[in-house]
1. How high is the relative contact order of region A:312-425, given as a whole-number percent (alpha carbon pairs under 8 Å, six or more residues apart)?
2. Taking 0.36 nm per intervening residue step and subtracting the Cα-Cα distance, what contour gain separates residue B:53 from residue B:167 on full extension?
3. For region B:86-331, what does the relative contact order come out to in percent, with C-alpha contacts under 8 Å and a separation of six or more?
4. Calculate the FRET efficiency for residue A:348 and residue A:327 from the Cβ-Cβ distance with a Förster distance of 22 Å, rounded to the nearest 0.05.
5. Can you tell me the 0 to 90 degree angle between the C-alpha axis of helix B:16-29 and the longest principal axis of chain B, rounded to 10?
6. Semi-axes of region B:93-241's equivalent ellipsoid from the Cα gyration tensor, sqrt of 5 times each eigenvalue, largest first, rounded to whole Å?
7. What is the fewest-to-most order of B:45, B:193, B:183 by other Cβ atoms lying within 10 Å of their Cβ?
8. Could you give me D for region B:110-169, from Stokes-Einstein at 20 °C and 1.002 mPa s, where the hydrodynamic radius is the Kirkwood radius over C-alpha pairs? Units µm² s⁻¹, please.
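Since every read-out is calculated from the coordinates, none of them should be taken as a lab result. All of these numbers come straight from a predicted model, not from anything done at the bench. When we count neighbours, we look across all protein chains shown, and the Cβ atoms used for this are built from the backbone with ideal geometry, even at glycine.
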């Protein structure tokens with residue numbers, strides 16, 4: 001033990017000093033360079049909106065040249081558009097019209113006509129709602145089977161990202177579970193809002209021993225999300241579910257940490273039905289995509305995060321897009337609708353909610369808390385956002401035809417995933433909206 | 001050229017004035033020296049300009065929030081009657097707690113590993129092992145976050161957290177329901193992420209301790225462990241501390257991995273098991289969807305707060321190191 005103390009004294013006095021100084025200098029340069037990297041990254045991030053704002057100008061100038069080339073029938077250009085697959089509709093994506101398809105390259109053709117764009121291929125970029133991703137993935141795949149010339153890259157970053165991206169004109173289309181306030185505009189002018197699918201929001205729970213269909217109403221759900229109802233055998237839940245043997249497990253309410261369409265629907269439902277406990281809280285009376293009560297329970301990112309948490313945690317309850325709940329075979333609550341009946345989410349009960357939308361538009365979109373014995377109260381249409389004036393005629397035509405296919409033939413893919421096909425009047429609205437697409441000169445793209 | 005170079009080695013001991021004079025002479029002798037000096041200065045200036053531009057743009061875009069809330073933005077951050085509340089104080093507490101947990105977990109393991117690699121491990125084991133540790137540094141944050149969410153979280157909810165709750169004294173830190181996502185889990189994930197920094201830098205510090213020190217300790221009869229404890233680690237202390245400061249910087253600013261495992265609850269944590277939020281996780285959860293105006297300005301305000309905290313930690317660390325170096329210099 002005594003020996004142990006000696007070496008310290010025995011250390012050579014000058015030897016370590018310069019070395020240590022060198023080391024400290026080294027580490028401080030490492031610190032500086034790390035900071036530099038972070039700063040550069042942040043600087044790029046902050047400057048990008050400026051860059052994206054500049055894009056439309058360059059696009060419009062180059063588009064005029066393309067349209068003139070298109071009318072002249074220049075079909076010999078061989079520049080490969082696949083290399084210009086960049087997400088933004090910038091000058092790079094402007095390509096010569098495909099050789100074999102006059103219907104696709106010139107304006108004035110019918111909207112639903114088949115369009116052979118086998119070569120060259122078109123790549124469209126979209127971003128938006130996470131909830132619609134299973135449907136989009138499937139429907140875009142089938143579209144690319146029918147029309148090999150078109151492939152779509154969809155980034156499911158969330159509805160608000162879809163809105164921001166289309167407003168800044170960095171994608172070909174955005175998608176949001178909640179339409180933007182009309183009249184909608186962005187850096188590229190007027191934005192059209194096209195309903196593309198009908199989905200529901202499930203309140204899924206993980207409660208071993210209790211099967212699906214536990215009945216919940218607005219005030220009870222509000223109590224859970226306000227942190228006032230904290231155990232599963234709370235009298236409020238027991239009163240709604242006579243005969244069900246409820247455990248005393250602690251309730252873990254889980255919500256989206258990011259903004260979300262499902263959160264907006266549930267907020268709207270709780271504002272309608274949750275009573276003054278909800279509306280007098282921080283939630284207020286205006287529904288919001290950002291979940292209003294952030295100091296209760298657990299927040300997770302995207303549907304996948306919420307679903308993953310429910311799966312792992314006994315006692316958890318959370319809201320997820322029905323398609324995700326179906327995929328994970330969750331047990332879902334039956335919610336009370338405006339007629340007083342308790343309905344579980346299913347393809348038919350969500351379709352019944354969609355049928356309520358007799359006068360649907362981007363400013364009159366809510367189908368939450370509908371009436372009818374079989375109507376599920378938490379449902380919504382998903383809205384695809386595109387610019388009315390398509391700066392690149394060819395891409396505009398491709399995009400219009402794609403969305404028309406999605407809202408008609410593509411709806412057959414919906415039910416397998418837990419979405420419901422669009423009602424006929426909504427399909428008609430989508431068709432009507434797409435017909436108003438224009439080229440950069442303001443001429444209609446379709447007849 | 002080569003003859004002058006040869007003449008310069010070994011460098012003669014010069015007074016500062018003489019050194020500058022000689023440097024000037026040398027610059028005249030070698031025309032390349034001047035253009036290199038220009039390059040050097042331009043590089044340094046560009047660098048300073050980037051930092052300055054970065055700070056100015058951040059301050060400009062967050063000015064609306066600070067104008068609205070004043071200095072109270074640093075703790076309350078609230079600006080709206082009903083929604084869009086940024087409880088900055090809660091995020092700061094969360095940031096400090098998770099960083100503390102990460103440091104407490106990572107420093108003993110990291111320094112221990114570094115000591116093992118530099119002093120004890122046979123060569124055939126040391127080099128593959130350090131490659132493995134460097135690989136952790138190469139794993140993207142989102143992957144670490146996913147691993148924390150999918151693999152660690154259930155383990156924490158069912159084994160680790162209930163275990164800590166049973167220990168009598170620690171119970172105060174670990175009460176409340178065990179969900180999985182928590183301050184503890186976030187700190188653990190951060191510990192994994194900062195481990196490579198600590199190991200790599202501490203190892204460099206340890207290996208650069210003079211062999212004479214080791215031999216001297218040996219000669220005095222110290223065992224292998226005593227050599228490390230009394231001669232090597234004290235000799236490398238400054239370097240180890242520098243590594244911890246760097247690691248702390250990373251832990252303070254981590255965003256996505258933390259957002260995935262912390263539970264994003266904007267309330268003051270009552271124990272290490274409660275879900276919470278950090279500045280980084282709050283920024284990433286709110287920035288993409290922030291509306292232009294006060295909303296976005298407030299999120300950028302959080303970035304400013306984070307920048308201030310990180311800068312304070314770094315400057316504090318540098319001052320500490322400098323003082324220690326000076327003290328040691330005085331002794332020696």
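1. Values: 123 pairs, mean separation 31.4, N = 114.
Averaging sequence separation for qualifying contacts and normalising by length gives 28 percent for region A:312-425.
2. Working: separation 114, 0.36 × 114 = 41.04 nm, distance 5.11 nm.
Result: 35.9 nm gained on full extension.
3. Reported relative contact order: 30 percent.
4. Values: r = 18 Å, r/R0 = 0.84.
That gives a FRET efficiency of 0.75.
5. 80 degrees
6. Numbers: eigenvalues 236, 68, 33 Å².
Working through the eigenvalues yields semi-axes of 34, 18, 13 Å.
7. Numbers: B:45 10, B:193 24, B:183 28.
In increasing order of surrounding Cβ atoms, one gets B:45, B:193, B:183.
8. Translational diffusion coefficient: 150 µm²/s.
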